[in-house]
Every structure is written in structure tokens, then in C-alpha cells.
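**Q** Let me give you the structure first, and then I'll get to my questions.
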Amino acid sequence: MSNTHLEQLGPNARDLAERSLNWMDACWDDAAGLFQMPDRAFYEDGHVSAEVHLVRETAWYALGLLLRNQPGDAARAGRAIDALLNYQFDAPGEPYHGTWYRSPHEPLPPPGAVVWR
């Protein structure tokens, strides 16, 4: 498997990735090791919250950091991945086993949870 870096992407893909990473850099919460919802952004329930951290988006950010590969990016990506692993469900026998919270701020799935289709 070859290593891919931003420099190897086509011009449009590279531009999008660079702009996205620049925007996401400002949303990094180093204390939590997670991507934080930008100020004045709306979460699912329609409430404005600057304290919501997002698990899936943190994974996307970690991948982008590894592609960018600038000084400090690999360490930050590793920190993000470590944080992500804390939010994976370890619940054998439950339909959500192996999946992740969308945000660490949401509650555990209720008893008798079913697979959403």
C-alpha cells in the first residue's frame, strides 16, 4: 500500500482538503482530544451549542491530519484516535456493539435498542 499525502491529490481535491483542515484546525479541542462543534452551529435537536464534541468528525479530521503530515499532525491524529476509541461501544450482544457515540455528550442507548433501518 502506498502512502498518500495532500501533495499527491488532484488540484480540486487538494484545495478542498486544505481548506477543510484549516477550518477544522480552529475547532480542535486539545483538552478533550476531539473536534468541537463550531460556535453558533446547530446540533441535531436545533439548539445552539459550542460545547458539543463530534466523534465521526474527529475521525475525518484525524485522516486529514495524516494526509497533510505537517509537524505535529501525526501526534494530534494519534491523540484524536485514542480519544475516539473511548467512545466506541463495547457491548457484545447489543445491536450497537462496535459502533460509536455520535457525541460523547449523548446518553447510552436505551435497554432493548434495535437496529435503525
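**Q** Have a look at GLU51, GLU57, GLU44 and point out the one that is closer than 25 Å to SER103 by Cα, open to solvent by 20 Å² or more (accessible area, probe 1.4 Å) and modelled with pLDDT of 90 or more.
**A** Of the residues listed, the single one that is closer than 25 Å to SER103 by Cα, open to solvent by 20 Å² or more (accessible area, probe 1.4 Å) and modelled with pLDDT of 90 or more is GLU57.
**Q** Which of the residues belonging to region 1-38 are touching a Phe, Trp or Tyr at 6+ places or on another chain (Cβ under 9 Å) and outside any helix (DSSP H, G or I)?
**A** CYS27, TRP28, ASP29, LEU34, PHE35, GLN36, MET37, PRO38
**Q** Still on this structure, I have one more. Go through region 67-114 and report how many residues are among the hydrophobic types (A, V, I, L, M, F, W, C), open to solvent by less than 80 Å² (accessible area, probe 1.4 Å) and over 20 Å from ALA31 (Cβ atoms).
**A** Going through region 67-114 one residue at a time, the tally reaches 4.
The values are calculated or read from the model by the stated rules, or taken from the named source; none is laboratory data. Since the structure is predicted, the reported quantities are computational estimates derived from the model, not experimental observations. Heads up, the Cβs are rebuilt from the backbone with ideal geometry, glycines too, and the neighbour counts pull from every protein chain shown. The accessibility values were calculated without ligands, DNA or RNA, using every heavy atom of the protein model including side chains. Shrake-Rupley method; radii C 1.70, N 1.55, O 1.52, S 1.80 Å.
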